[in-house]
1. Does any residue in the range 1-20 that is polar (S, T, N, Q) come within less than 9 Å, Cβ to Cβ, of a residue that is open to solvent by less than 50 Å² (accessible area, probe 1.4 Å) six or more places away or on a different chain, and which pairs are these?
2. Give the range 1-12 a look and list any residue that's out of contact with any Ser or Thr (no Cβ under 6 Å at 6 or more places or on another chain) and modelled with pLDDT of 90 or more, or say none.
Amino acid sequence: MLAETICSAVSAAGLGIAAVAAYRKRFLSAARIAAYSLVPLGLVMTGAVDWIVDTAFSPVAWAGFGVLGLAFLLFLSTRAVERRRGGRKETTGGAEPKAVAPAASAPSRGVTAAKPQAGQASGEDFSDIEAILKKHGI
């Protein structure tokens, strides 16, 4: 009962402040203040405040929040370990190369691209681009 009264008073005060802002020709801020002030009233009317009060005094609910917190901490710690390792997976083999797609381009296989010949400028070799365009029918 006390929570409902407080929420109603906060809403009334917020609507009063919004009315003053509208009187001063600040309609956008008045609408925003009115929206914020109607939230507590809406929570009271939907029964969410009663649910929150019942949850606050329930030991089972607090145990549930504890379990959720533990799950969240486990998730964060596994993400931190994964980032620290750099996302690499542990391999059982020795110097096995990582898997590469069958039609992978030369740079992804670790092969360096051939340098342009003496007669060609480095920016004028469009044979790769032309091959890709022909492959897609463009």
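1. Within 9 Å, the pairs are 8/40; 8/44; 11/37; 11/40; 11/42; 11/44.
2. 5, 6, 7, 8, 9, 10, 12
One line per residue, one yes/no per condition, for (1) open to solvent by 30 Å² or more (accessible area, probe 1.4 Å); (2) modelled with pLDDT of 90 or more:
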residue: 14; (1), (2): no, yes
residue: 24; (1), (2): yes, yes
residue: 29; (1), (2): yes, no
residue: 34; (1), (2): no, yes
residue: 50; (1), (2): yes, no
residue: 53; (1), (2): yes, no
residue: 61; (1), (2): no, no
residue: 65; (1), (2): yes, no
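The values are calculated or read from the model by the stated rules, or taken from the named source; none is laboratory data. Values in this document were obtained by computation on a predicted structure and should not be read as measured data. For neighbour counting, all protein chains shown are included, and Cβ atoms are generated from backbone atoms with ideal geometry for every residue, glycine included. All accessible areas refer to the heavy atoms of the entire protein, side chains included, with ligands and DNA or RNA removed. Shrake-Rupley method; radii C 1.70, N 1.55, O 1.52, S 1.80 Å.
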